[in-house]
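Q: I have a structure I would like to understand better, so I am pasting it below and will then ask my questions one at a time.
The values are calculated or read from the model by the stated rules, or taken from the named source; none is laboratory data. Everything numeric in this text was worked out from a predicted model, so none of it was measured. Cβ sites come from the backbone with ideal geometry, for glycine too, and all protein chains shown count toward neighbours. Side chains are part of the model used for accessible areas, which takes the heavy atoms of the whole protein and leaves out ligands, DNA and RNA. Shrake-Rupley method; radii C 1.70, N 1.55, O 1.52, S 1.80 Å.
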Amino acid sequence: MKLIILSITQYKEKDGIITAISENETVTFKVNRLLDPKSSGHILNTPLIEADVTFSENNHKYQTFKNGGVSFSPYSANDSLTKLSILSLIQEATTRMLQDEEKYFIHKILKRTLINIKNSQINPIILGIGYLLDLLQITGNELEFNQCVFCGSQKDIVNFSFSDGGFVCRACSEPNLVPALTTTQMKLFRAINRNKSECKEIIGCDEKDLIEILKQLTIYIYDSLGIKLKSANLIF
């Protein structure tokens, strides 16, 4: 069974409990001596790797890892701090924003995102923002990028209101309200949302704009779900 490792919890002295996802389910299993570098199971002690594993037959609370190996890793020897920070953010967001029974819903999107991060052809912050938007859709807190959240107009958009859930046109916007994002940032945010399923690079964007969008998005996640993504502080 191929699984993407999401979280690892120490169990007793050197054992570990792993939560992982396949295409069809969320799986929790025990790995004996997971934290022992000399153990064969130690290869699973890295979040977001994909491993092909088999389990021993037993009647215990958790399935027990029997054998297996890494089939894919998003990590490389020369990874930048930004790339590693986005991987940490993705792992934390997946673990905390989704309930165990729905974590596997994100499997296909997570695998695609990890492959693109590994390939290093797209700014990892763009991939991180797109991934968070997909998570929000699963939680039912998706944002509106196609029309004004109040009247449905697609013309004269002047603001992106996180508190109201998306774009706001001039007629519905408060006259003296300072927009959360600049016009450039709003266009960039919309482009990321539009292209996220195809994982396209956005040429010519300023990384400062990407960071501001990510910052505002994590604030929205906290306001909507009460979840503070601590890994984001590595990027801001």
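Q: For the stretch 56-171, just say rounded, prolate or oblate: build the C-alpha gyration tensor, square-root its eigenvalues into a ≥ b ≥ c, call rounded for a/c under 1.5, and beyond that prolate if a/b exceeds b/c, oblate if not.
A: It is oblate, given that a/c is not under 1.5 and a/b is not larger than b/c.
Q: So what's the gap between the Cα centers of the stretch 85-141 and the stretch 143-181, to the nearest angstrom?
A: Computed from Cα coordinates, the inter-centre distance equals 26 Å.
Q: Label the stretch 147-236 by shape, choosing from rounded, prolate and oblate, from the square roots a ≥ b ≥ c of the eigenvalues of the Cα gyration tensor; if a/c is under 1.5 it is rounded, and otherwise prolate applies when a/b is larger than b/c, oblate when it is not.
A: Since a/c reaches 1.5 but b/c is at least a/b, the shape of the stretch 147-236 is classed as oblate.
Q: Specify the residue with the greatest mean-square fluctuation among LYS111, LYS12, LYS103, computed from a Gaussian network of the chain linking alpha-carbon atoms under 10 Å apart.
A: Its mean-square fluctuation being the largest, the pick is LYS12.
Q: Testing the spin-label approximation: label points 7 Å from Cα along Cα→Cβ at THR183 and LYS228. State their distance in nm.
A: Between THR183 and LYS228, the simple spin-label model gives 3.6 nm.
Q: Please give the FRET efficiency for ASN146 paired with MET1, using the beta carbon to beta carbon distance and R0 = 30 Å, rounded to the nearest 0.05. It would help to have the intermediate numbers written out before the result.
A: Working: r = 39 Å, r/R0 = 1.29.
Between ASN146 and MET1 the formula returns 0.20.
Q: Follow-up. What is the set of long-range amide H partners of GLN147 at a cut-off below 5 Å, with H atoms built 1.01 Å from backbone N?
A: Under 5 Å from the amide H of GLN147: PHE167.
Q: For the pair VAL70 and ASP36, how long in nm is the line joining their label points, each one 7 Å along Cα→Cβ?
A: According to this spin-label approximation, the distance is 2.1 nm.
Q: In the stretch 141-236, what trypsin sites (Lys or Arg not before Pro) fall in a loop by DSSP, with at most 14 other Cβ atoms inside 10 Å?
A: Within the stretch 141-236, the qualifying trypsin sites (Lys or Arg not before Pro) (loop, at most 14 other Cβ atoms within 10 Å) are LYS155, ARG170, LYS228.
Q: Send over a whole-number figure in Å² for the accessible area per residue of the chain, probe 1.4 Å.
A: 52 Å²
Q: Quick one: length gained pulling TYR62 to GLU102 fully straight, 0.36 nm per residue minus the C-alpha distance?
A: The TYR62-GLU102 span can extend by a further 12.5 nm.
Q: Tell me, what ³J(HN,Hα) does each residue in the stretch 131-141 have, in order and in whole Hz, if you take phi through Karplus 6.51 cos²θ - 1.76 cosθ + 1.60 with θ = phi - 60° and put x for Gly and Pro?
A: So the J values, rounded to whole Hz, are 5, 4, 5, 5, 4, 4, 5, 5, 6, x, 10.
Q: How much of the accessible area of the chain, in percent, comes from carbon and sulfur atoms when a 1.4 Å probe is used? Numbers along the way, then the final one.
A: Details: 5640 of 12370 Å².
Exposed carbon and sulfur together represent 46 percent of the surface.
Q: Quick one: what are the phi-derived ³J(HN,Hα) couplings along the stretch 77-87, Karplus 6.51/-1.76/1.60 with θ = phi - 60°, whole Hz, x for glycine and proline?
A: Working through the residues one at a time gives 5, 10, 4, 6, 4, 5, 4, 5, 5, 5, 4 Hz.
Q: Treat each spin label as a single point 7 Å out from the Cα along the C-beta direction, and report the LYS14 to ARG170 distance in nm.
A: 7.0 nm
Q: Report the paramagnetic label zone for ALA191: residues of the stretch 200-224 whose backbone N is under 17 Å from a point 7 Å from Cα along the Cα-to-Cβ axis.
A: Only 200-214 fall inside the zone, counting backbone N under 17 Å.
Q: Okay, next question. Show the residues, 5+ positions off or on another chain, whose built amide H is closer than 5 Å to the amide H of SER71.
A: Distant-sequence amide H within range of SER71: GLU50, ALA51, ASP52.
Q: Can you list the cysteines of the chain that have no other Cys Cβ under 4.7 Å away?
A: Taking the Cβ cut-off of 4.7 Å, the unpaired cysteines of the chain are CYS151, CYS172, CYS199, CYS205.
Q: Another one. Calculate one ³J(HN,Hα) per residue across the stretch 12-27 by plugging θ = phi - 60° into the Karplus curve 6.51 cos²θ - 1.76 cosθ + 1.60, and present them in order as whole Hz with x for glycine and proline.
A: 6, 7, 10, 7, x, 10, 10, 9, 9, 10, 10, 5, 10, 6, 9, 10
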